[in-house]
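Notes to accompany the following structure.
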Amino acid sequence: PADYRYAADPPGASARKVTFTDTDHLFGRRPDASFPWRTFTRGYNPILMDEFTGEPRVEAIRRAMGATRRYARRIDLVHMAPRGDLCSTGFCLVRPGGEYLVYQPGSGSFSVNLSPAVGRRFGVEWAHPETGRGKAAPDVTGAARTTLTPPFDGPAVAYLRLR
């Protein structure tokens with residue numbers, strides 16, 4: 001039977017093995033565009049059991065899958081791990097002190113713990129989670145609690161990289 005906990009709030013994946021999450025087993029036939037980001041930032045490899053319906057909801061999931069893939073290719077994925085404890089959203093992949101990929105499923109400001117790099121500069125890029133289109137933002141300085149505010153309403157992805 002489906003385990004619906006994995007749909008909304010999957011536990012962090014273990015780095016001991018490659019784990020996939022697929023919409024067919026988690027959702028039946030009703031996932032949304034947050035699925036790829038909720039699972040990817042918890043350390044899983046999301047898979048869409050494509051419905052081929054042409055529904056806007058399915059098209060949105062496909063675009064979000066593409067966006068997660070583009071980030072997977074850019075980040076140092078081998079050395080990153082899910083660390084929901086380091087961001088207030090609970091959805092982040094981290095290479096402590098070096099790189100942070102954070103998903104904000106809601107809207108508004110959130111915090112990230114950059115304490116391994118206190119006083120160091122991080123480049124910030126914002127992206128819409130469905131399209132992956134990035135937008136550079138001013139750098140931030142590492143601190144135990146660094147507050148980030150997306151430049152748009154709704155869900156957002158923040159990518160921080162040590163300069």
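The values are calculated or read from the model by the stated rules, or taken from the named source; none is laboratory data. Everything quoted here is computed from the prediction, not taken from an experiment. Ideal geometry is used to build each Cβ from the backbone, glycine not excepted, and the neighbour counts take in all protein chains shown. Ligands, DNA and RNA are excluded from the accessible area calculation, which covers all protein heavy atoms including side chains. Shrake-Rupley method; radii C 1.70, N 1.55, O 1.52, S 1.80 Å.
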Exercise for the section: Could you let me know the centre-to-centre spacing of the range 44-106 and the range 109-153, using Cα atoms, in angstrom? Expected result: 16 Å
Completion exercise
Rounded to the nearest 10, the angle in degrees between the Cα long axis of helix 56-74 and the longest principal axis of the Cα atoms of the chain comes to 40 degrees
Completion exercise
The simple spin-label model distance between THR147 and ARG70, using points 7 Å out along Cα→Cβ, in nm, is 3.0 nm
Practice task
Please list 91-101, 59-69, 76-86, 44-54 highest first by mean number of surrounding beta-carbon atoms within 10 Å per residue.
Solution key: 91-101, 59-69, 76-86, 44-54
Problem - Å² of accessible area per residue within the chain, as computed with a 1.4 Å probe and no ligands counted - result: 51 Å²
Exercise for the section: Express in % the proportion of alpha carbon pairs of the range 90-150 at distances exceeding 17 Å. Expected result: 35 percent
Handout entry: Dimensions (Å) - the range 19-163, Cα atoms, principal axes, largest first
Key = 49, 30, 23
Completion exercise
Protection proxy (average C-beta count within 10 Å per residue), highest first, orders 33-41, 105-113 as 33-41, 105-113
Fill in the blank from the handout: In the chain the accessible area split gives carbon plus sulfur, as whole percent at 1.4 Å, a share of 52 percent
